Amino acid sequence: MNKPVFKLENVCFEYAESVPALQGISFDVHEGESIALLGANASGKSTLLQLMDGLCFASSGSIKAFGTTLSEQSVEAPPFMHLFRQNVGFLFQNPDAQLFSSTVWEELAFGPVQMGLPKEDIEHRVRDVLLMVGIEKLAKRAPQTLSGGEKKKVALASILTCAPKVILLDEPGAGLDPRTQEWLAEFILRLKASGVTLVLASHDLGLVAEVSDRTLVLSEDHRLLFDGSTLLALADQELLLSANLIRPRRFPASCCKE
């Protein structure tokens, strides 16, 4: 098995007033894995991804990325800061939280500019990713004028111009129409085939079945219920019911009549 890019050991996180969000979470993420993160609303999925992206930090336990413990100090100090930010991309559930530039071109160029790449290299990266994602006609548009699906594509493209080794995706299919959802699934599979490490939080069991090999299930009390094969997870009705991921079967009233 490839070396771990993330290593989480007994991670706990609490919000203000000691409100638990995660309790005793431990697992590794290895290079090239495609992992789904399942759980009911408020189970801690988004919090876990944010911890892995260094947007917040564990109350106790530890998270290592590329062998370095994530902390406020480590993610702000070079050279690890540059290594981490270049190699880990985060797709927010709401693309409006991610897009801020005047045009789509500028949005895609922002990351490579921060990396200090030459102007010619930046232009090549932006053009290549515009074509890869199929949004070249949007290059001069302002992100705030785009549809929800277009914004999601631009947000994903802005990550890809940095060529990250790991992409964390928080409910990537949320708010998308069926055609864009199908495009997203196919694109995630292309990323997977290219060797990008993926960790995806989603309520869409169909998407999870299609794009992930391994699944982590969080309980409503913020603990890790399951870590294993996606096929086994999705076939385990008791597991899915206990995590509040599917509805219990109900029989019509007519079935109960004598």
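The values are calculated or read from the model by the stated rules, or taken from the named source; none is laboratory data. Since the structure is predicted, the reported quantities are computational estimates derived from the model, not experimental observations. Here the Cβ is made from the backbone with ideal geometry for all residues, glycine too, and neighbour counts use every protein chain on show.
Brief remarks follow.
- Residue within segment 81-99 that is without any contact (Cβ under 8 Å) to a residue 12 or more places away in the chain, farther than 30 Å from Thr145 by Cα and in a strand (DSSP E or B) present: no
- Residue within segment 247-257 that is touching a Ser or Thr at 6+ places or on another chain (Cβ under 8 Å) and without any contact (Cβ under 8 Å) to a residue 24 or more places away in the chain present: no
- In segment 162-175, the residues that are within 17 Å of Val208 (Cβ to Cβ) and in contact (Cβ under 8 Å) with a residue 24 or more places away in the chain form Cβ pairs under 9 Å with partners that are part of a strand (DSSP E or B) and among the polar types (S, T, N, Q), at six or more places apart or across chains, as follows: Ile167/Thr197.
- Gln93 vs. criteria touching a Cys at 6+ places or on another chain (Cβ under 6 Å) and not charged (D, E, K, R): no
- Restricted to helices (runs of 4 or more DSSP H) entirely inside segment 150-257, those with at least 3 residues that are under 25 Å from Leu130 (Cβ atoms) are 178-193.
- Of all residues in segment 2-49 being over 21 Å from Leu198 (Cα atoms) and aromatic (Phe, Trp, Tyr), the one that is modelled with the lowest pLDDT: Tyr15
- When Ile35, Ile25 are checked against the criterion of being of a type in the set (Val, Ile, Thr), more than 16 Å from the chain's Cα centre (by Cα) and in a strand (DSSP E or B), a single residue qualifies: Ile25.
- Among the residues listed as Ser242, Ser219, the single one being surrounded by fewer than 22 Cβ atoms within 10 Å (Cβ to Cβ), in contact (Cβ under 8 Å) with a residue 60 or more places away in the chain and among the hydroxyl-bearing types (Ser, Thr, Tyr): Ser219
- So Ser43, is it surrounded by 16 or more Cβ atoms within 10 Å (Cβ to Cβ) and either of a type in the set (D, E, K, R) or assigned to a loop (DSSP other than H, G, I, E, B) (or both): yes
- Test set (1) of a type outside the set (Phe, Trp, Tyr); (2) surrounded by 14 or more Cβ atoms within 10 Å (Cβ to Cβ); (3) at pLDDT below 95; (4) not in a helix (DSSP H, G or I) - Arg141 fails condition number: (3)
- One residue alone among Ala209, Ala174 is modelled with pLDDT of 95 or more and either charged (D, E, K, R) or out of contact with any Gly (no Cβ under 6 Å at 6 or more places or on another chain) (or both), and that residue is Ala209.
- Residue match in segment 103-116 (condition: farther than 28 Å from His203 by Cβ, touching a Gly at 6+ places or on another chain (Cβ under 9 Å), touching a residue at least 12 places away in the same chain (Cβ under 8 Å) and surrounded by 15 or more Cβ atoms within 10 Å (Cβ to Cβ)): yes
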